[in-house]
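Student: Please find one structure pasted underneath; my questions will follow.
The values are calculated or read from the model by the stated rules, or taken from the named source; none is laboratory data. Model, not experiment: these values are computed from the prediction. Note that we place each Cβ from the backbone using ideal geometry, even for glycine, and neighbour counts take in every protein chain shown.
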Amino acid sequence: MTHGQGSGESLTAEEAAELSPEEAMIVGAEADGIYIVHRRERFPIAGTKAERRAERTIATVFLIGFLAAVAFIVVFCGAVPFEWRLPGAGNQNYRYFTPLIGSLLGLSLACIGIGVVLWAKWLLPEEEAVQDRHDGASDMTEQILGAGTLVSGFSDLGVARRSMLKTTLALAGGALGVVPLVALVGAMIKKPNRGPGQSLFHTPFGPGVPLVYADGRRVSPNDLQPGGIATVFPGVEGGTKDADSPTLLIRLRPGQAVKARKGQADFGWGDYVAFSKICTHAGCPASLFEQKTGRLLCPCHQSQFDVLQDAKPVFGPATRSLPKLPLTVELVDGQQYFTARGDYPEATGPSFWERP
Amino acid sequence: MTTIDSADSRRPADGPTGPTVRGPKRFDKPRTPQGKAARWAEDRLGIAGGLRKQLNKVFPDHWSFMMGEIALYSFIILILSGTFLTFFFDASMAEVRYDGSYVPLDGVEMSRAYASTLNISFDVRGGLVMRQIHHWAALLFMAAMLIHMFRVFFTGAFRKPRELNWLIGLGLITLGLVEGFAGYSLPDDLLSGTGLRIAAAIMQSIPVIGSWAEFLVFGGKFPGTEIIGRLYIVHVLLVPGILAGLIGAHMALLIKQKHTEFPGPGKTEHTVSGERMYPTYGMKAGGFFFIVFAVCAALGGLAQINPVWLFGPYNPAQVSSGSQPDWYIGFLDGSTRLFPSWEIRLFDHTIPPLFWPTLVLPGILFTLAGAYPFLEAKFTRDRSAHNLLQRPRDVPVRTGLGVMAITFYSVLLLSGGNDLIAKAFDLSLNAMTWAGRISLLVLPPLAYAVTYKICLGLQRHDREVLEHGIETGIIKLLPNGEFIEIHQPLGPVDDHGHGQLGYAGVPVPKKMNQLGARGGGIRGFFYPVREKADIQAELDALAAQEALQERHRERELTD
């Protein structure tokens, strides 16, 4: 059978029954190749002052654990309120609820843990045991017998002779193996860029689409001070939810001018320009604007765009400029409001394979 | 074909129903409740022998072996606290108007996922503490696994026969990353939504299939309405299931192969020494579970983590500065920040710069880590099995490579927070980025060289002490006026006064105190820990008492 057939297996039951539990433990351990090379009581004389002190200390720790658990239950069940209140509006003691139950739970757990560890370290017999590893490969006879079993089973199957069965089963199994993948991917797959609001190339902006704030109000050229910015959206159904549409409307300071890209010189309106707010790197909103230098920073990976150079990336991992939205203004009831003259001329947001 | 005797001919004479005398009555028909329970179990399971072997299993004790334990225990804590959270969390992206007790967000439109997270934080009794325990335990789980991996690496515990467990461990860390990311994305707050947006951009960046991958995972264009529900089942069933299975395999291999241990007196490749599982080691390990849980509970109560109510619901048009992921994702954030803006455009197609630092780099890192045991065996031509650990200084190349890898990782991790560092120390953000880029290339080789040298220096010092003895600090004036320092040899010396002990892969004492020159220190916090002398005195007293009684008895007999 296995290694380590020690004296334990050769004892009769009657002989084994004569052993004390400790002797039986030692004999049993040796039967498994575990030798207790050193074993001694921590307190050879029972009931000494030192032993009682150790026991008392551990008992005190357990007692504190008990009290902490009881206190937890009391606090949890209503001794301290937990409902959140505005500052200055009613009982503010809820602030103590979470810290209290956390520390009481921690204290109770810690006391049990520390007590148990101390019990093991202070009171259990000092012991050093050595166990044979018997690791690595089995002995050679075992290996040969095992190999024989595998080979014999394999030849019973006759896989080597019955190549037709092998091939057809491999075909069937291989095809069936692909089925779960097909089922999962086939169920989940969606053709990109198909359906309303699903295009990576286009946003809901288009000719005449009004620019609106997140709450749906229309954007007027009178809304911003020079140097001011606003986040605006296409004023269509679902336009404020579309992840690639958020647009940064910037009113330049006097004396600032944007060096426009080729063919986009007329995209601005007066001292207003509008760029996609979605960083061309990883899609975070590039929303930290420094008026003086005209720089936009994306806080996720610190790409920096120079608005005055037509939102060209000047630092960090972004490669492409922020796309620019062509703007115009229409008059409604004598009030000027911004509308888009068309969609962005290129895809907004992070790059992807199909993008030229 | 050989025939085999029918089973009946082998049945014992008295048959299974006949009366059996199995041994002494005390064991056969126990009277005590414990005895009866043991008999009941034994008659059905027959486990006395197997159980005995497992109860007696020997565990070596070393503080560095506790890292893996911490990881295991935090996984258990994660399952316990996570189960609590599932009772209240609603993984839906349907829009609702918030009307819970956190007044500042009253009436704000948000997903049910975010609303239910607020509900857990403010309206479920003890919900906040559970959420925070869960989050802290997750951070601890990842940290403990990583440090456990360092321990295994630097001591060579991954060598044959334990390469499989190294790979399983690496799989656990990888899945831990996925599990953690999925978990902190669930609340659908501004921070986690920003993380998901970046994840979507990363998927988009894959050449050829990028947009297909994004549309598949998100069920359409980001953000869609599916992702939270999908992440939820990944987070609470799929990945934890695989994690539990892998942890089981990790443990099973550990039990089969037994622990490694550091070399030392009486330690051999063919034995393992320490304390038996039952009762001592089991008690210590069980107690330690409670201590780890206690730390998580205290952190969960006292240290705020991920206050999602301050971030607000996710909105693709908003972001907050200082948007940092959980620490274990930080190295990927750092690599993304440092990677230059190199976009490849070929034949009207694009490979975005995002692809390299977020998918290719971790792919290379994890592949290298997985291949390391096999590469080392190949280069050192060491094909033998090892159960005794090595001191890091004794394997300078491996230690150097390890420190090099940690340096590389640390630069990435720090760069993941370079905006916070720039803000705290009033530095230029661009300078931080450039410092990160340069450090990433320069520091790792430098770390390798320095580590290698330090290892050699430590090795030489060990040999020097073995040869010349410990520096005692005692200066002696020779008759010719020369001053020399007296060295205490560690063992027998030859004619030249050189020690004859060889290096055995164990720490060499380098101070007189380590030889007990101080006369043995007093240990203990409030009371001195009992020293061996005390025990001996007690034993002596006991022996004397017994001898006295013996003499009395003898006298009685002779009288």
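Student: Can we say residue B:447 is within 14 Å of chain A (Cβ to nearest Cβ) and either at pLDDT below 90 or assigned to a helix (DSSP H, G or I) (or both)?
Tutor: Details: within 14 Å of chain A (Cβ to nearest Cβ): no; either at pLDDT below 90 or assigned to a helix (DSSP H, G or I) (or both): yes.
Spelling it out, it is not the case that residue B:447 is within 14 Å of chain A (Cβ to nearest Cβ) and either at pLDDT below 90 or assigned to a helix (DSSP H, G or I) (or both).
Student: Out of the helices (runs of 4 or more DSSP H) lying entirely within the stretch A:1-120, which hold 3 or more residues that are facing chain B (nearest Cβ under 7 Å)?
Tutor: Correct list: A:13-18, A:97-118.
Student: Further question on the same structure: Mind listing whichever residues of the stretch B:187-216 are on the phi < 0 side of the Ramachandran plot and among the β-branched types (Val, Ile, Thr)?
Tutor: Keep residues of the stretch B:187-216 that are on the phi < 0 side of the Ramachandran plot, which gives B:187, B:189-207, B:209-216.
The answer is B:194, B:198, B:202, B:206, B:209.
Student: Pick from A:168, A:240, A:231: which is assigned by TED's automatic domain parsing to the domain that holds residue A:280 and either touching a Lys or Arg at 6+ places or on another chain (Cβ under 7 Å) or not in a loop (DSSP other than H, G, I, E, B) (or both)? Steps first, answer last, please.
Tutor: Details: A:168 fails: assigned by TED's automatic domain parsing to the domain that holds residue A:280; A:240 fails: either touching a Lys or Arg at 6+ places or on another chain (Cβ under 7 Å) or not in a loop (DSSP other than H, G, I, E, B) (or both).
Only one candidate qualifies: A:231.
Student: When the stretch B:115-150 is examined, which residues are found to be under 10 Å from residue B:71 (Cα atoms), among the small types (Gly, Ala, Ser) and crowded, with 21+ Cβ neighbours inside 10 Å?
Tutor: B:137, B:138, B:144
Student: What residue, among those in the stretch B:321-352 that are assigned to a helix (DSSP H, G or I) and either within 16 Å of residue A:283 (Cα to Cα) or of a type in the set (A, V, I, L, M) (or both), is farthest from the other protein chains (Cβ to nearest Cβ)? It would help to see each step written out before you state the result.
Tutor: Applying the first criterion (assigned to a helix (DSSP H, G or I)) to the stretch B:321-352 yields B:327-338.
Restricting the remaining residues to those that are either within 16 Å of residue A:283 (Cα to Cα) or of a type in the set (A, V, I, L, M) (or both) gives B:329, B:332-333, B:336-338.
On the way: B:329: 12, B:332: 11, B:333: 7, B:336: 5, B:337: 5, B:338: 8 Å.
Here the residue is B:329.
Residue-by-condition table, conditions (1) without any contact (Cβ under 8 Å) to a residue 24 or more places away in the chain; (2) touching a strand residue (DSSP E or B) at 6+ places or on another chain (Cβ under 8 Å):
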{"position": "A:26", "(1), (2)": "yes, yes"}
{"position": "A:37", "(1), (2)": "no, yes"}
{"position": "A:57", "(1), (2)": "no, no"}
{"position": "A:69", "(1), (2)": "no, no"}
{"position": "A:85", "(1), (2)": "yes, no"}
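Student: Return the residue satisfying two criteria in turn: it lies in the stretch A:307-322 and is closer than 14 Å to residue A:277 by Cα and within 13 Å of chain B (Cβ to nearest Cβ), and of such residues it is farthest from the chain's Cα centre (by Cα). Spell out how you get there, then give the answer.
Tutor: Taking the stretch A:307-322 first, the residues closer than 14 Å to residue A:277 by Cα are A:307, A:310-313, A:318, A:320-322.
Among the residues that remain, those that are also within 13 Å of chain B (Cβ to nearest Cβ) are: A:312-313, A:318, A:320-321.
Numbers: A:312: 33, A:313: 30, A:318: 25, A:320: 29, A:321: 31 Å.
Taking the candidates together, the pick is A:312.
Student: Have a look at B:262, B:293 and point out the one that is facing another protein chain (nearest Cβ under 9 Å) and either among the aromatic types (Phe, Trp, Tyr) or under 22 Å from residue B:82 (Cα atoms) (or both). Break it down into steps so the answer makes sense when it comes.
Tutor: Details: B:262 fails: facing another protein chain (nearest Cβ under 9 Å).
The conditions single out B:293.
Student: State all residues of the stretch B:325-360 that are over 16 Å from residue B:194 (Cα atoms) and of a type in the set (Ser, Thr, Tyr); if no residue qualifies, say none.
Tutor: B:328, B:335, B:341, B:350, listed by residue number.
Student: From B:217, B:178, B:208, which residue is over 16 Å from residue B:323 (Cβ atoms) and more than 9 Å from every other protein chain (Cβ to nearest Cβ)?
Tutor: Working: B:217 fails: more than 9 Å from every other protein chain (Cβ to nearest Cβ); B:208 fails: more than 9 Å from every other protein chain (Cβ to nearest Cβ).
Matching residue, one of B:217, B:178, B:208: B:178.
Student: While we're on this one: Considering each of A:65, A:153 in turn, give the residue that is under 30 Å from residue B:303 (Cβ atoms) and not acidic (Asp, Glu).
Tutor: Numbers: A:153 fails: under 30 Å from residue B:303 (Cβ atoms).
Unique residue meeting the criteria: A:65.
Student: I'm trying to understand the selection: among the residues of the stretch B:38-69, which are more than 10 Å from every other protein chain (Cβ to nearest Cβ), of a type in the set (A, V, I, L, M) and under 21 Å from residue A:19 (Cα atoms)?
Tutor: Result: B:38, B:47, B:51.
Student: Further, regarding this structure: Name the residue, out of B:285, B:317, that is touching a strand residue (DSSP E or B) at 6+ places or on another chain (Cβ under 7 Å) and either in contact (Cβ under 8 Å) with a residue 24 or more places away in the chain or not β-branched (Val, Ile, Thr) (or both). Can you show your working first?
Tutor: Working: B:285 fails: touching a strand residue (DSSP E or B) at 6+ places or on another chain (Cβ under 7 Å).
Matching residue, one of B:285, B:317: B:317.
Student: Please find, among B:300, B:274, B:245, B:264, the residue that is under 30 Å from residue A:131 (Cβ atoms) and at pLDDT 95 or above. Spell out how you get there, then give the answer.
Tutor: Values: B:300 fails: under 30 Å from residue A:131 (Cβ atoms); B:274 fails: at pLDDT 95 or above; B:264 fails: at pLDDT 95 or above.
On inspection, the qualifying residue turns out to be B:245.
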